[in-house]
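The next block holds one structure in the form of structure tokens; read it before the comments.
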Amino acid sequence: MDVPAKAKIFGQRLLQQHVRIGITGLSGAGKTAFITSLVNLLTQDAEPQAAFFDVMQQGRFIGGQLQPNANLQLARFPFEFNLQQILQGRWPASTEQISQLTLELRYHSGHVLRRRLSQYQSIRLEITDYPGEWLLDLPMLSQEFADWTAQAYAALAANQHVPAVAAYLAALHSDQQAVDALRTRMLTDLYQQALRAMKQQGWLALQPGRLLRPAELAGSPLLELFPLDPAIAVGPLYSFLQQQFKAYCQQVVTPFYQQYFAGLDRQVILVDCLGALNDGFAALTQLQQALLQLAEQFRYGPDSWFGRLFKPRISKVLFAASKADLLTPDQHRNLLLLLQQMLRQPLYQQQYQLCQTEVLALASVVSAQLGQVQTASGPQACLQGRLQQNGELCTLYPGDVPISMPSEAIFAQHRFEFPKFLPMLNGKQQSSHLRLDQALQFLLGDLLQ
Ligand code: GDP
């Protein structure tokens, strides 16, 4: 190898950047589909649909290749299997735990000087997928057990009509003092069932988040944490739970933030607004609260306790309303406006933030074809897709999206019924997306120049 070529390779290594992107969102938000489709776009040989991703649009992108993950103890995101599922017209299994995927992206620089220095530039992209429920545990670190238990109990009290919640409360009230291994296990299981039932009712800010998504901690004594009636502030069960709360914060929440979250450079938060609209007023209100709580974690100024504790370095946050393909195109803007309105506080306060934020309405995998039907009032846009529940082909108008948080009265008069379709392939037997290229431009555009 001649000296200039060696110098070029040396230059390349020096120039390789490393960027870590976290993908999160509450369960069902679309994380698995998003990562699979994003990685597919970055690694496929075929001409990508990426008009808004400058490096691809300008023909400077050479390609992306999967690489072994640096941390072999973490699960690898099952990209190949998930992609196969989508290409067979099925949705892959959702995120249950943290996983990672690493890629090397090669591209030609748009700068003459950098082009002279090396044949190509490369960037190491590490994607971390994790359940948003884990992120909702963060506020526990700034709480005492007494505050936490009062708050968690209030959520239970508001859901007493739910049978699983009533069952937990009945078991708890039968004796609020006794502590033994069988009883704490039984109460943990009942509380877990109560949390799951509340989640099905659209309740989202549920703690401890790990009890909902335990992953490798399933059955661990660290997850034996449940709230007591706030009238009880002493006694053996109270002391036991106080210890458990401390252990959970120290051994579950803190390590997650230190090891993974604090190391991220950029973050994507996926939000299923359409699912929440289908589920009703309570679900949408809960989604907004959970979202504000999630967004709060990116508003760390130098004085925040979070900033001091974890020194995070996230510089960009993308809030993405997922599944926009379930709408006719005229409604995409409404979906965007709805999400913006739900996030109003964090975006309004953007000038105080250390990170840049963007809001998009996108679809990772398009599941419907756009069409038109003739109605008495003229042509009407409609969607055609295969229904998830029975695979039947169906043509419908999915409905309008409100541009701001609808009131309870609107839900009383109107039922939102956005469909659930199976993935659809295009004429080239590939899946299509909506605005993933804009997401990539926001997340990586500045690094691939
Ligand atoms: P996760 O729990 O956040 O990993 O969510 P998934 O990615 O598994 O998505 C949950 C479900 O949402 C899927 O099974 C699909 O039914 C639906 N979904 C996800 N992404 C899309 C999308 O881009 N378009 C449509 N129409 N549905 C989607």
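Can you tally the net charge around Arg435? Count Lys and Arg as +1, Asp and Glu as -1, for every other residue whose Cβ sits under 13 Å from the Cβ of Arg435.
Summing Lys/Arg as +1 and Asp/Glu as -1 gives -1.
Using the Cα gyration tensor of the stretch 38-186, with a ≥ b ≥ c the square roots of its eigenvalues, what is the shape: rounded (a/c below 1.5), prolate (a/b larger than b/c) or oblate (neither)?
Because a/c hits 1.5 or more and a/b exceeds b/c, the stretch 38-186 counts as prolate.
How many nm is it between the label spots at Gln374 and Ala181, if each spot is 7 Å from the Cα in line with the beta carbon?
7.5 nm
I need the shape label for the stretch 139-250. Rule: rounded when a/c is under 1.5, else prolate if a/b > b/c, else oblate, with a, b, c from the alpha carbon gyration tensor.
rounded
Would you compute, from DSSP H runs of 4+ residues alone, the mean residue ellipticity of the chain at 222 nm, taking -39500 (n - 2.57) per run and dividing by the full residue count, rounded to the nearest 500?
Here the helix-only value at 222 nm equals -11000 deg cm²/dmol.
Considering only Phe418, Phe34, Phe240, give the residue with the highest GNM mean-square fluctuation for the chain, with springs between Cα atoms whenever their separation is below 10 Å.
Result: Phe240 has the largest fluctuation of those listed.
For the stretch 369-413, what's the radius of gyration and Dmax over Cα atoms, in angstrom?
14.1, 34
By its C-alpha gyration tensor, with a ≥ b ≥ c as the square roots of the eigenvalues, how is the chain shaped: rounded for a/c under 1.5, else prolate for a/b larger than b/c, else oblate?
Here the chain falls in the oblate category.
Please get the size of the charge dipole for the chain, origin at its Cα centre, with Cβ charges of +1 on Lys and Arg and -1 on Asp and Glu, quoted in debye to the nearest 20.
For this selection, approximately 1360 debye.
Please list, by residue number, everything in the stretch 99-113 whose backbone N is under 16 Å from a paramagnetic label point 7 Å out along Cα→Cβ of Gln449.
Answer for this model: 108-113.
Please list, in chain and number order, the residues 5+ apart from Lys420 or on another chain whose amide H is under 5 Å from its amide H, with Hs placed from the backbone.
HN-HN under 5 Å from Lys420: Gln388.
For the chain, modelled as a GNM with alpha-carbon contacts under 10 angstrom, which of Gly275, Gly64, Gly110 fluctuates the most?
So, out of Gly275, Gly64, Gly110, the one fluctuating most is Gly110.
Once label points are set 7 Å from the Cα along Cα→Cβ at both Gln429 and Gln58, what is their separation, rounded to one decimal in nm?
Between Gln429 and Gln58, the simple spin-label model gives 3.5 nm.
Below 8 Å, C-alpha to C-alpha, sequence gap of six or more: please give me the relative contact order for the chain in percent.
This gives 18 percent for the chain.
Would you look at the GNM of the chain, springs on alpha carbons closer than 10 Å, and say which of Gln429, Gln374, Gln200 moves the most?
Residue with maximal mean-square fluctuation among Gln429, Gln374, Gln200: Gln374.
Could you sort the peptides 256-262, 283-289, 232-238 by per-residue average Cβ neighbour count (10 Å cutoff), highest mean leading?
Those peptides, ordered most packed to least, come out 283-289, 256-262, 232-238.
A short reminder: the numbers here are calculations on the coordinates, not readings from a lab. Remember, predicted model here, so these are calculated numbers, not experimental data. Glycine also receives a Cβ, built like all others from the backbone with ideal geometry; neighbour counts cover every protein chain displayed.
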